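J.: Got a structure for you, written out below as structure tokens; questions coming shortly.
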Amino acid sequence: ERLRARLTLKNRGPVPAEGILLRYSMTGSVAPIADEKTESVWGVPFMVDEKRVPKVGPNKTQDVYLPVSSALGLYLAKLARAGWWPDRVRLQVMIEPHRGAVAVQALESALEVAK
């Protein structure tokens, strides 16, 4: 199955927002597989990427899908071979500020499993 993250952007301004750059990362909270009593620890990001959104119209909402499946698959395989497993995965997204940007906010983010 393919995992992807969905982010909903809304342009609240009266003019189109153009050239939006989203930077995102994924971080896992890991614990040893054999020891269920050990508390998990947040690691450093295992994936950092970016996605460009060319334009969001004035007073419009747009869903943006962020590919995370391949990086997550590699991360899980490495952890399993080492005897560790994440109990949580965190996705963080920021809108890269740039000159002349209008107000665009991230309203929601969700991880989806798609077939």
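J.: Given +1 on the Cβ of Lys and Arg, -1 on the Cβ of Asp and Glu, and no further charges, what dipole in debye does the range 1-80 carry about its Cα centre, rounded to the nearest 20? Walk me through the intermediate numbers first.
T.: Numbers: 12 positive and 8 negative charges, 105 e Å.
My answer is approximately 500 debye.
J.: Determine one quarter of the surface area of the Cα convex hull of the chain, which equals its mean projected area, and express it in nm² to one decimal.
T.: 8.1
J.: May I ask you to give the percent of accessible area on the chain that is carbon plus sulfur, with a probe radius of 1.4 Å?
T.: C and S fraction of accessible area: 53 percent.
J.: Suppose all protein chains stay in the model; what accessible area per residue would a 1.4 Å probe give for the range 1-77, in Å²?
T.: Value returned for the range 1-77: 58 Å² of accessible area per residue.
The values are calculated or read from the model by the stated rules, or taken from the named source; none is laboratory data. Quick caveat: nothing in here was measured; it's all calculated off a predicted structure. Neighbour counts are summed over all protein chains in view; Cβ atoms, including those assigned to glycine, are modelled from backbone coordinates with ideal geometry. What goes into the accessible areas is simple: the full protein's heavy atoms, side chains included, and nothing from ligands, DNA or RNA. Shrake-Rupley method; radii C 1.70, N 1.55, O 1.52, S 1.80 Å.
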